[in-house]
Amino acid sequence: MSEQTSLRELANFVARSSMLSEDMATRNRVLAGVTGRLLPRKRSVGELLGVVLALSARTRRMVQSPVRIEVDVFSPGGGRALKMTFGDR
């Protein structure tokens, strides 16, 4: 499809909404669909468990005292290859 065809289609575009329908039942159906997507949906047990685990982990991190992690790596010859320390806020 050429660019001019796309531009002509865009120029001739007329927005059509079912909310503008004369039929009240059609408008109610569209409105119910819109509000249904806005309302909170029922969650599965797996989704609720995921939320509980995430909140539990966050609470545990906030309550526990900070830790210090030391990684000490030596080369095969016995010399220190790498030393990393994380912590000490």
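The values are calculated or read from the model by the stated rules, or taken from the named source; none is laboratory data. These figures come from a predicted structure and were not determined experimentally. Please note: Cβ atoms are built from the backbone with ideal geometry, for glycine as well, and neighbour counts cover all protein chains shown.
Structural remarks
- For the condition more than 30 Å from GLY87 (Cα to Cα) and in contact with a Lys or Arg (Cβ under 7 Å, 6 or more places away or on another chain), MET24 does not qualify.
- When MET19 is tested against (1) modelled with pLDDT of 85 or more; (2) over 27 Å from the mean Cα position of the chain (by Cα), just one condition goes unmet, and that condition is (1).
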